[in-house]
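Working notes, beginning with the structure itself.
The values are calculated or read from the model by the stated rules, or taken from the named source; none is laboratory data. Everything numeric in this text was worked out from a predicted model, so none of it was measured. Methodologically, a virtual Cβ is constructed for each residue, glycine included, from the backbone with ideal geometry; neighbour enumeration extends over all protein chains shown. Only protein heavy atoms, including side chains, enter the accessible area calculation; ligands, DNA and RNA are left aside. Shrake-Rupley method; radii C 1.70, N 1.55, O 1.52, S 1.80 Å.
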Amino acid sequence: QVQLEESGGGLVQAGGSLRLSCAASGRAYSNSYIGWFRQAPGKERDFVAAIRWSGQNTYYADSVKGRFTISRDNAKNTVYLQMNSLNPEDTAVYYCAASRLIAPGTRTQDYDAWGQGTQVTVSS
């Protein structure tokens, strides 16, 4: 199974930007999608975005549409999440995950491999 490791989190002020990376190893291409989820303190883990390993199909939660961009570098086995116009509501631990579904799932149960997360904190 694919192994995933997130990086790039940190502390930014509202309106700032961060780029998260998700490095994949193992059988990365056995999975159809890589997704980003986030979990704020005391909240459930929510879908943010997903991208296919092959092709340019991308999917976004309404809350981040137009602000976040998911992308992929297959040569580096890495998926990125560019986050712009951040606000305090974006504060969460961000996780990347791999899914073997042929359609883009938006639930945590749709993904079977997870990274350990990277903290994003946005101050007001």
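Brief remarks on what is shown
- Note on the chain: with a GNM built from Cα contacts shorter than 10 Å, the maximum mean-square fluctuation among Q82, Q13, Q109 falls on Q109.
- All alpha carbon pair distances within region 59-112 were sorted into 10 Å bins beginning at 0; the resulting P(r) in whole percents reads 18, 50, 30, 2.
- Theoretical FRET efficiency, 1/(1+(r/R0)^6), r = Cβ-Cβ of Q109 and E5, R0 22 Å, to 0.05: 0.50
- For T91, the solvent-accessible surface computed with a 1.4 Å probe is close to 30 Å², ligands and nucleic acids excluded.
- Carbon plus sulfur fraction of accessible area for the chain, probe 1.4 Å, in percent: 44 percent
- Per-selection Rg to Rh, region 1-43 - Cα, Kirkwood hydrodynamic radius: 1.06
- Dipole size of the chain about its Cα centre, with +1 on Lys/Arg Cβ and -1 on Asp/Glu Cβ: approximately 240 debye, rounded to the nearest 20.
- Cleavage-rule hits, chymotrypsin sites (Phe, Trp or Tyr not before Pro), region 22-117, DSSP coil, Cβ neighbours within 10 Å at most 12: none
- The mean accessible area for residues of region 36-114, using a 1.4 Å probe and ignoring ligands and nucleic acids, is 52 Å² per residue.
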